[in-house]
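A.B. asks: I'd like to ask you about the structure that follows.
The values are calculated or read from the model by the stated rules, or taken from the named source; none is laboratory data. Since the model is a prediction, treat every value here as computed from it, not as a measurement. Cβ sites come from the backbone with ideal geometry, for glycine too, and all protein chains shown count toward neighbours. Note: accessible area is taken over every heavy atom of the protein model, side chains too, but ligands, DNA and RNA are not part of it. Shrake-Rupley method; radii C 1.70, N 1.55, O 1.52, S 1.80 Å.
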Amino acid sequence: MKCFIHIKQDAISVCKKCGKAMCADCSAYSGHSGICPECRREEFERESAALRQQIAKNKSLVVSSIAIAVIVAVLAVLAAIFLHVAGLVLLVVSAALGIRAAILINRCKPLNERLEFLHGEITKLNGAMQKGSPII
């Protein structure tokens with residue numbers, strides 16, 4: 001039996017997910033997990049899509065937190081002008097919302113790094129599978 005990507009190489013195993021034959025190079029790429037590069041790419045694409053959704057959710061939370069913090073800060077200034085006491089409470093609330101936005105922004109950085117890694121792996125796998133190259 002021959003590898004489904006590297007048609008000149010003998011297969012050493014089959015993919016646990018799709019049952020396609022894999023050579024040593026394809027098996028080694030996925031850390032000998034028993035999953036072929038094509039199924040691995042599909043896993044990366046699913047994870048990538050989930051990360052993009054999480055990043056989009058975080059970004060919308062950041063925008064809403066900043067908007068609410070600005071509104072509360074404006075209300076705090078107005079309250080400070082007219083009521084003196086309530087303004088302090090509103091300033092604390094707006095600061096807390098600003099801190100929440102900063103935390104959400106910091107959470108996006110590792111997600112973006114993982115997304116970049118996945119994109120690189122997907123591109124590499126697509127290229128190798130299209131060429132039938134033994135080097136993945």
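A.B. asks: How large is the convex hull of the C-alpha atoms of the chain per residue, in Å³?
C.D. replies: 95
A.B. asks: Full-extension gain between ALA56 and VAL92, please, as 0.36 nm times their residue separation minus the C-alpha to C-alpha distance.
C.D. replies: The ALA56-VAL92 span can extend by a further 10.2 nm.
A.B. asks: Give me the Debye-computed log₁₀ of I(q)/I(0) at q = 0.14, 0.20 Å⁻¹ for region 1-55, equal point scatterers on Cα only, no solvent, two decimals.
C.D. replies: -0.38, -0.64
A.B. asks: Could I ask something else about it? So which of LYS16/LYS124; LYS17/LYS131; LYS2/LYS124; LYS17/LYS59; LYS20/LYS57; LYS20/LYS124 end up more than 29 Å apart by C-alpha?
C.D. replies: Beyond 29 Å between Cα atoms: LYS17/LYS59; LYS20/LYS57.
A.B. asks: How much accessible area per residue does the chain have, counting only protein heavy atoms and a probe of 1.4 Å, in square angstrom?
C.D. replies: So the chain comes to 62 Å² accessible per residue, rounded to a whole number.
A.B. asks: Within the accessible area of region 1-119, what % is carbon and sulfur when the probe is 1.4 Å and the other protein chains stay in place?
C.D. replies: 67
A.B. asks: Now, a different point. On a 0 to 90 degree scale, rounded to 10, what angle separates helix 86-131 from the longest Cα axis of the chain?
C.D. replies: 10
A.B. asks: Then there's this: Please list the non-local residues whose amide H lies under 5 Å from the amide H of SER13, H modeled 1.01 Å from N, same-chain partners needing a gap of 5 or more.
C.D. replies: Here MET22 satisfy the definition.
A.B. asks: If you don't mind, another one. Using the beta-carbon distance between GLU42 and LYS8 and R0 = 30 Å, what value does 1/(1 + (r/R0)^6) give for FRET efficiency, to the nearest 0.05?
C.D. replies: E(calc), rounded to 0.05, equals 0.75.
A.B. asks: Of SER27, ILE99, VAL14, which is farthest along the charge dipole of the chain in the positive direction, counting Lys and Arg as +1 and Asp and Glu as -1 at C-beta?
C.D. replies: With unit charges placed on the Cβ atoms, the residue in question is VAL14.
A.B. asks: Additional query: Before anything else, pin down the relative contact order of region 1-54: Cα pairs under 8 Å, at least 6 apart, normalised by residue count, whole percent.
C.D. replies: Relative contact order of region 1-54: 24 percent.
A.B. asks: Ordered by residue, what ³J(HN,Hα) values in Hz, to whole numbers, does region 13-23 give under the Karplus form 6.51 cos²θ - 1.76 cosθ + 1.60, where θ = phi - 60° and Gly and Pro are x?
C.D. replies: 7, 10, 5, 5, 8, 10, x, 6, 6, 10, 7
A.B. asks: Same structure, new question: To the nearest 500 deg cm²/dmol, what mean residue ellipticity at 222 nm is calculated for the chain from DSSP H runs of n ≥ 4 alone, each contributing -39,500 (n - 2.57), summed and divided by the residues?
C.D. replies: -26000 deg cm²/dmol
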